[in-house]
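J.: Sharing a structure, written as structure tokens. Questions coming.
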Amino acid sequence: MTWWRRQRAPLFALVLAGIAMVGATVWLDVLPSIRPTDRVIEAESSVDIAGQTLTLGPVEWDEFDAPDGSRTLSVRLSSTGGFDAKTCGQASLTETSTERTWLSARAPLDVPYDEGESSCIVESSSYRILLVFLLPDDAEGPFVLDIEGSDQDLARFRIEP
């Protein structure tokens, strides 16, 4: 008997285990991150999302200290909530030329809390939101700022610092 014939059952089990592992990874990690029902709302300067009106404010490079080889991009938004205001989801910044994406990095950079909120809050009065992104030195823009709403809506601002 050849080696292949003696080992065909274990090899078959190994192939099935590999297929199951890839399938589980796709099922648990990749598929939940795909949100095909998102409605993207392109905004020039203001957008209504999650019961709030978000208005894009000043965008500033290097406002906060950053580690070597990186720099910060601060994005300020003002928000006016209504009686049906809800919280927003995560904000992400994507460089349009390279498709690199970053999440807000306020906590690691020790941004003071009195500078503004880190996301939308349930509030009917006006308040400020400060998003700080830690970017590599070679990131120059233009960027797209995406803010998730509450009902699979996605607010999108174009940022050209």
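The values are calculated or read from the model by the stated rules, or taken from the named source; none is laboratory data. All of these numbers come straight from a predicted model, not from anything done at the bench. Note that each Cβ is placed from the backbone with ideal geometry, even for glycine, and that neighbours are counted across all protein chains shown.
J.: Quick test of your reading of the structure: Ala9 fulfils all but one of (1) loosely packed, with under 10 Cβ neighbours inside 10 Å; (2) modelled with pLDDT of 85 or more; (3) touching a strand residue (DSSP E or B) at 6+ places or on another chain (Cβ under 9 Å). Name the failing condition by number.
T.: (3)
J.: Here are Ala107, Ala85: which of them is assigned to a loop (DSSP other than H, G, I, E, B), aliphatic (A, V, I, L, M), in the same structural domain as Leu154 (by TED's automatic domain parsing) and exposed (fewer than 13 other Cβ atoms within 10 Å of the Cβ)?
T.: Residue meeting the stated conditions: Ala107.
J.: Can you find a residue that is more than 16 Å from Ser125 (Cβ to Cβ), at pLDDT below 85 and among the charged types (D, E, K, R) anywhere in the stretch 51-64?
T.: No.
J.: Take the residues of the stretch 88-100 that are in contact with a Leu (Cβ under 7 Å, 6 or more places away or on another chain) and either over 26 Å from Gln152 (Cβ atoms) or free of Cβ contacts under 8 Å to residues at least 60 places away in the same chain (or both): which is surrounded by the fewest Cβ atoms within 10 Å (Cβ to Cβ)?
T.: My answer is Gln90.
J.: Follow-up. May I ask you to list pairs of residues, at least six apart or on different chains, whose Cβ atoms are under 7 Å apart, with the first in the stretch 41-53 being in contact (Cβ under 8 Å) with a residue 24 or more places away in the chain and the second being among the basic types (Lys, Arg) and in a strand (DSSP E or B)?
T.: Sorted first by the residue in the stretch 41-53, then by its partner, the pairs are Ile41/Arg156; Glu42/Arg156; Ala43/Arg156.
J.: If a residue must be over 16 Å from the mean Cα position of the chain (by Cα) and not in a loop (DSSP other than H, G, I, E, B), how many such residues does the stretch 118-144 contain?
T.: Qualifying residue count, the stretch 118-144: 4.
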